Amino acid sequence: MARRVYVREIYFYVICLVSIILFIVGIVNLVDSSVNFVKPTTYMTRANILPAYKDQYEGMSQEEIDRLISEEIQAQESIEKTNALKGLIRGALLVVIAIPLFSFHWIKAQAMWRLNLEND
């Protein structure tokens with residue numbers, strides 16, 4: 001005789017699948033954000049910014065323009081590091097949520113499986 005499958009049991013397994021996906025997304029987010037935190041990606045370079053500063057600040061000396069460009073690049077790197085730190089926290093939160101979610105629903109699904117086998 002075939003074993004009966006209940007909607008509640010399917011629900012538990014679907015939530016387990018969702019929690020595995022959450023865990024994978026959290027791990028990917030953690031790795032990506034940690035790489036971005038260590039080596040922030042910024043597309044602001046001295047060569048990109050220099051023409052805008054030369055046109056805008058014609059009366060400034062080259063040292064002042066270089067200082068302003070350096071400050072702007074450092075500010076952009078700081079923003080990138082802050083965003084990476086937020087991504088690290090987000091990834092860690094996903095992992096922390098996914099583990100107990102999976103554990104609870106897996107235990108319940110296995111209990112229902114055993115209950116169904118005992119009833120048959």
note = Reported set for segment 82-95 where residues are free of Cβ contacts under 8 Å to residues at least 60 places away in the same chain and surrounded by fewer than 16 Cβ atoms within 10 Å (Cβ to Cβ) is THR82, ASN83, LEU85, LYS86, ILE89
note = The residue that is nearest to ILE97 (Cα to Cα), considering only those in segment 1-36 that are of a type in the set (Phe, Trp, Tyr) and out of contact with any helix residue (DSSP H, G or I) (no Cβ under 6 Å at 6 or more places or on another chain), is TYR11
query = Would you pick out the residues in segment 1-41 that are surrounded by 14 or more Cβ atoms within 10 Å (Cβ to Cβ) and within 22 Å of THR82 (Cβ to Cβ)?
reply = VAL25, GLY26, ILE27, ASN29, LEU30, ASP32, SER33, SER34, ASN36, PHE37, PRO40
query = How many residues are surrounded by fewer than 12 Cβ atoms within 10 Å (Cβ to Cβ) and assigned to a helix (DSSP H, G or I) when one looks only at segment 61-74?
reply = 3
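Here is a yes/no grid of residues against (1) outside any loop (DSSP other than H, G, I, E, B); (2) farther than 30 Å from ALA75 by Cβ:
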{"residue": "VAL18", "(1), (2)": "yes, yes"}
{"residue": "ILE21", "(1), (2)": "yes, yes"}
{"residue": "THR41", "(1), (2)": "no, no"}
{"residue": "MET44", "(1), (2)": "no, no"}
{"residue": "LEU50", "(1), (2)": "yes, no"}
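Bear in mind that the values in this text are calculations on the coordinates, not laboratory data. Owing to the predicted nature of the structure, the values given are computational and were not obtained by experimental measurement. For neighbour counting, all protein chains shown are included, and Cβ atoms are generated from backbone atoms with ideal geometry for every residue, glycine included.
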